[in-house]
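*Asks:* Provided herewith is a single structure, encoded as structure tokens, for subsequent inquiry.
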Amino acid sequence: MMLRIRAFEDAAERLSQGGVSAFGSAAGNIAMVRGPLHLSTGQEAVAAGVCQHLQRSDLLTSTHRGHGHTLAKGADTTRMMCELFGRAGGSNGGKGGSMHIADFSVGMLGANGVVAAGLPIAVGAAHALKLRGSSAVVACFFGDGAINRGPFLEALNWAASYHLPVLFVCEDNRWSATTHTSATTAGAGAAARALALAVPAETVNGNDVEAVCDGAGALLKAVRGGEGPRLLHALTYRVKGHVSVDPAHYRDPQAHAAALEGDPIALASARYVELGGKAEDIDALVRQAKQEIDAAQQAAHDAPWPAVDAAFSDVMNTGAGRWF
Amino acid sequence: MQATNPISYAQAACRALAQAMQDDPAIVVLGEDVGRGGIFGQYAGLQARFGEQRVIDTPISEATIMGAGVGMALAGLKPVVEMRVVDFALCAMDEIVNQAAKNRFMFGGQGRVPLVARMPIGMWSASAAQHSQSFESWFTHLPGVVVVCPSTPQDNHDLLLAALACGDPVIYMEHKELWPLSADLQPTGSALLGQAKRWREGSDLTLVSWSRQMHWAAEAAQTLAQQGVQVDLLDLRTLWPWDRDAVFASAARSGHLLITHEAVQVAGFGAEIAASAAEATGCRVRRLGAPRIPVGYAHTLEEAARVRPAAIVAAALEMLA
């Protein structure tokens, strides 16, 4: 899974160059993937480790950096790539793009362009599951920047008050856009804030997929057991800039180089070999992932654009047809 | 006609909601103090009847009340989301604007948000600047939501049922000074979203209003009739979609259209109606709303923000002069 996410992100990054005006980069018309593209490169272990424990019927809310969560929840790569290309066959019919990628058919309720906006939606979905007597749970991903927004406090308080089946996952990549989160965050961070709201929390190395998997597994067991919400604080690192055209020159080169040493795929590969696996197996998986993404990319390239009529559908039923 | 079994605007909504909850187990209510009936009594008795699982008392967390409503809707429920007053709904603007209203379109129709967000508007005497506002025009500007502003107990009953049945996110705006207004309720009433109601027929001037202001428009029309001016008086009831056919037909007949609302006149919904009707029919138009000032506490200051019947009469006569 991590290799598939990495291959997807690498392709998306390549295809997005020249796709948005930001950080001194000018947009042209040549990029296949246009608009702001937020990459989760280097954060793959969090998505893979948590979603390992999710069933198709479980629900998930994500962030603006949501490709990895979507893939790990089981979404189809071709439909996802079509969405990034803005094509009619995309998971959202080309209406959302990268920042709003969603696949409700696998319980992935959407990436979100607003920091922390997924948290209230996640607790509402969990509340509905509980009221309806469902055994499904909700995994709610958000970043370290989100813990400084009000909905973080509101949603944790809500989930704890009603004992809702939700696993909060703070995917801490250390950066709030171009500001190091530590520079603007008081106190001891996500886990401490969760504990203050009586939400049990665990902190794990988010680049170690086994640690994420073990941590999430234990917490989800409690969540599924009706013990109420839990929070997983996964410490990882944002390898790329805030958006794909951001060269992130504001980072200290030495600290950045040191952080890259903890690459989750390198770590997992080394562990695999250490446990007696063959390096060739990994190479084969890398090739397989690349082939899958290449095929998705080709399919997206060949897919038709949405018809203009689609701009007027799925808005609302009441008064449909009245646009002015 | 003598009222025989009058019911208040608040009770009418409560009766409609109880009926809908009885018929549809997916409907739940969430908001602050709803278990005790809501501070205006518009949820009286519902928790006792349907239980605290379906009539959910929440923390004072407007953003999450609204956002959770969106999540509940995506997971199969039909939430009625209580914001207490529209002024507090401002704490949930992201959840209304970026989440509830956009969800269906942005995700390519994968989900829908059948949610009714109740956010009472309007002056509520001596409630000052943060509890007196009328923001209906803000939401008419927002693709993806229905906007409803009932003015009578009957409409509050019928339109709440229609809102609950429509499947779209609805911004449902009751008026705080209308809660005690009482009238007989016709069980067969069935007001539709997007359908205006003619309160009075006339051919000299078309007068359009909604919500609390509708009652002052009616007083003004009565006064004008005594002066020989026959007003065609329309209660818009739903601001999006709004009944363009009814307004245009009336304006085309009378040639004069006056819109009055309690909200600030600048960029109010009256401007949209005036512009649309003038484009469509070439009628003369005028709008009359509040000055662009915050509502003051002292009654003298509050009065400066109210558009009384006398002002409507004066505006009508000036138009026809």
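The values are calculated or read from the model by the stated rules, or taken from the named source; none is laboratory data. Computed from a prediction, not measured in an experiment: that's the story for all the values here. Using ideal geometry, Cβ is built from the backbone for each residue, glycine included, and neighbour counts are taken over all protein chains shown.
*Asks:* Hey, among the residues in region A:294-308 that are outside any helix (DSSP H, G or I) and surrounded by 13 or more Cβ atoms within 10 Å (Cβ to Cβ), which one's farthest from the other protein chains (Cβ to nearest Cβ)? Working first, answer last.
*Replies:* Within region A:294-308, the first condition is being outside any helix (DSSP H, G or I), and the residues that meet it are A:303-307.
Pick out the ones that are also surrounded by 13 or more Cβ atoms within 10 Å (Cβ to Cβ) and you get A:303, A:306.
Numbers: A:Ala303: 14, A:Pro306: 9 Å.
Across region A:294-308, the extreme among qualifying residues is A:Ala303.
*Asks:* A further question follows. Filter region A:202-261 down to residues that are outside any strand (DSSP E or B) and among the hydroxyl-bearing types (Ser, Thr, Tyr) and give me whichever is nearest to A:Trp158 (Cα to Cα).
*Replies:* Filtering region A:202-261 down to residues outside any strand (DSSP E or B) leaves A:206-229, A:236-261.
Next, from what is left, pick out any that are among the hydroxyl-bearing types (Ser, Thr, Tyr): A:236-237, A:244, A:250.
Working: A:Thr236: 27, A:Tyr237: 29, A:Ser244: 35, A:Tyr250: 37 Å.
Here the residue is A:Thr236.
*Asks:* Does region A:238-261 contain any residue that is within 25 Å of A:Ala192 (Cβ to Cβ) and either surrounded by 13 or more Cβ atoms within 10 Å (Cβ to Cβ) or touching a Leu at 6+ places or on another chain (Cβ under 8 Å) (or both)?
*Replies:* Looking through region A:238-261, at least one residue is within 25 Å of A:Ala192 (Cβ to Cβ) and either surrounded by 13 or more Cβ atoms within 10 Å (Cβ to Cβ) or touching a Leu at 6+ places or on another chain (Cβ under 8 Å) (or both).
*Asks:* Please return the ranges of strands (runs of 3 or more DSSP E) entirely within region B:129-200 where 2 or more residues are buried (at least 22 other Cβ atoms within 10 Å of the Cβ).
*Replies:* On the way: elements: B:146-148, B:170-172, B:197-200.
The qualifying strands (runs of 3 or more DSSP E) are B:146-148, B:170-172.
*Asks:* Now a separate question. Check every one of the helices (runs of 4 or more DSSP H) wholly within region B:1-116 and list those with 3 or more residues that are more than 14 Å from every other protein chain (Cβ to nearest Cβ), hydrophobic (A, V, I, L, M, F, W, C) and surrounded by fewer than 24 Cβ atoms within 10 Å (Cβ to Cβ). If you could, list the steps in order and put the result at the bottom.
*Replies:* Values: elements: B:9-23, B:46-50, B:62-74, B:86-89, B:103-106.
Filter on region B:1-116 gives B:9-23.
*Asks:* Next up: Which of the residues spanning region A:59-74 are buried (at least 24 other Cβ atoms within 10 Å of the Cβ) and farther than 21 Å from A:Val114 by Cβ?
*Replies:* The answer is A:Leu71, A:Ala72.
*Asks:* Right, another one. Residues being part of a loop (DSSP other than H, G, I, E, B) and in contact with an Asp or Glu (Cβ under 7 Å, 6 or more places away or on another chain): count how many of those fall in region A:96-134. Give the steps one after another, and end with the answer.
*Replies:* Step one: of region A:96-134, the residues part of a loop (DSSP other than H, G, I, E, B) are A:96-97, A:101-102, A:107, A:109-117, A:132-134.
Next cut, in contact with an Asp or Glu (Cβ under 7 Å, 6 or more places away or on another chain) only: A:96-97, A:101, A:107, A:114, A:117.
Qualifying residue count for the region: 6.
*Asks:* Kindly check whether there is at least one residue in region B:77-86 that is within 30 Å of A:Gly89 (Cα to Cα) and free of Cβ contacts under 8 Å to residues at least 12 places away in the same chain. Talk me through it step by step, then tell me what you get.
*Replies:* Initially, region B:77-86 is screened for residues within 30 Å of A:Gly89 (Cα to Cα), giving B:77-78.
Imposing the further condition that a residue be free of Cβ contacts under 8 Å to residues at least 12 places away in the same chain reduces the set to none.
Scanning region B:77-86, I find no residue that is within 30 Å of A:Gly89 (Cα to Cα) and free of Cβ contacts under 8 Å to residues at least 12 places away in the same chain, so the answer is no.
*Asks:* I would also like to ask the following. Which members of region B:135-164 meet the condition of being free of Cβ contacts under 8 Å to residues at least 12 places away in the same chain and within 14 Å of another protein chain (Cβ to nearest Cβ)?
*Replies:* Scanning region B:135-164 gives a single hit, B:His141.
*Asks:* Among all residue pairs at least 6 apart or on different chains, which show Cβ distances below 6 Å where the first residue, located in region A:300-324, is within 18 Å of A:Glu83 (Cβ to Cβ) and the second is part of a loop (DSSP other than H, G, I, E, B) and of a type in the set (A, V, I, L, M)?
*Replies:* Cβ pairs passing all conditions: A:Pro304/A:Ala88; A:Pro306/A:Ala88.
*Asks:* With the checklist (1) in contact (Cβ under 8 Å) with a residue 60 or more places away in the chain; (2) away from chain B (no Cβ under 14 Å); (3) closer than 30 Å to B:Pro114 by Cα in hand, flag the one item A:Pro247 doesn't pass.
*Replies:* Against the list (1) in contact (Cβ under 8 Å) with a residue 60 or more places away in the chain; (2) away from chain B (no Cβ under 14 Å); (3) closer than 30 Å to B:Pro114 by Cα, A:Pro247 comes up short only on (3).
*Asks:* A further question on this structure: Do the conditions hold for B:Trp179, that is, is it modelled with pLDDT of 95 or more, under 13 Å from the mean Cα position of the chain (by Cα) and either at positive phi or not hydroxyl-bearing (Ser, Thr, Tyr) (or both)? Break it down stepwise before answering.
*Replies:* Details: modelled with pLDDT of 95 or more: yes; under 13 Å from the mean Cα position of the chain (by Cα): yes; either at positive phi or not hydroxyl-bearing (Ser, Thr, Tyr) (or both): yes.
Yes, satisfied.
*Asks:* Has region A:61-81 got any residue that is closer than 30 Å to B:Leu115 by Cβ, within 12 Å of chain B (Cβ to nearest Cβ) and more than 17 Å from the chain's Cα centre (by Cα)?
*Replies:* no
*Asks:* Report whether or not A:Ala311 is assigned to a helix (DSSP H, G or I) and among the aliphatic types (A, V, I, L, M). If you could, list the steps in order and put the result at the bottom.
*Replies:* Working: assigned to a helix (DSSP H, G or I): yes; among the aliphatic types (A, V, I, L, M): yes.
Judged against the criteria, A:Ala311 is a match.
*Asks:* Can you tell me how many residues in region A:97-111 are more than 7 Å from chain B (Cβ to nearest Cβ) and either more than 16 Å from B:Ala75 (Cβ to Cβ) or over 13 Å from the mean Cα position of the chain (by Cα) (or both)? If you could, list the steps in order and put the result at the bottom.
*Replies:* Filtering region A:97-111 down to residues more than 7 Å from chain B (Cβ to nearest Cβ) leaves A:97-99, A:101, A:103, A:105-108, A:111.
Filter again for either more than 16 Å from B:Ala75 (Cβ to Cβ) or over 13 Å from the mean Cα position of the chain (by Cα) (or both), leaving A:97-99, A:101, A:105-107, A:111.
Selection size over region A:97-111: 8.
*Asks:* Just need a number here: residues in region A:35-49 that are within 9 Å of the chain's Cα centre (by Cα) and among the hydroxyl-bearing types (Ser, Thr, Tyr).
*Replies:* Number of matching residues: 1.
*Asks:* Please go through region B:244-283 and give me each residue that is surrounded by fewer than 22 Cβ atoms within 10 Å (Cβ to Cβ) and closer than 14 Å to B:Trp210 by Cβ, ordered by number.
*Replies:* Those that are surrounded by fewer than 22 Cβ atoms within 10 Å (Cβ to Cβ) and closer than 14 Å to B:Trp210 by Cβ: B:Ala246, B:Glu272.
*Asks:* List the number of the failed condition for A:Val46; all other conditions in (1) among the hydrophobic types (A, V, I, L, M, F, W, C); (2) under 30 Å from A:Ala268 (Cα atoms); (3) assigned to a loop (DSSP other than H, G, I, E, B) hold.
*Replies:* Just one mismatch for A:Val46, condition (3).
*Asks:* Can you name the residue in region A:135-149 that is assigned to a helix (DSSP H, G or I) and small (Gly, Ala, Ser) and, of all such residues, is nearest to the other protein chains (Cβ to nearest Cβ)? I'd like the intermediate steps shown before the answer.
*Replies:* Step one: of region A:135-149, the residues assigned to a helix (DSSP H, G or I) are A:144-148.
Retained after the next criterion (residues that are small (Gly, Ala, Ser)): A:145-146.
Working: A:Gly145: 15, A:Ala146: 13 Å.
Per the stated criteria, the residue is A:Ala146.
*Asks:* Right, another one. Against the conditions (1) within 14 Å of chain A (Cβ to nearest Cβ); (2) under 20 Å from the mean Cα position of the chain (by Cα), where does B:Ala275 fall short? Just the number, please.
*Replies:* With (1) within 14 Å of chain A (Cβ to nearest Cβ); (2) under 20 Å from the mean Cα position of the chain (by Cα) applied to B:Ala275, the lone miss is (2).
*Asks:* Among the residues of region A:114-134, write down those that are more than 7 Å from chain B (Cβ to nearest Cβ) and surrounded by fewer than 24 Cβ atoms within 10 Å (Cβ to Cβ). Explain how you work it out, then say what you get.
*Replies:* Taking region A:114-134 as the starting set, the residues that turn out to be more than 7 Å from chain B (Cβ to nearest Cβ) are A:115-116, A:118-119, A:126, A:130, A:133-134.
If the condition is that a residue be more than 7 Å from chain B (Cβ to nearest Cβ) and surrounded by fewer than 24 Cβ atoms within 10 Å (Cβ to Cβ), then A:Val115, A:Lys130, A:Gly133, A:Ser134 are the ones that fit.
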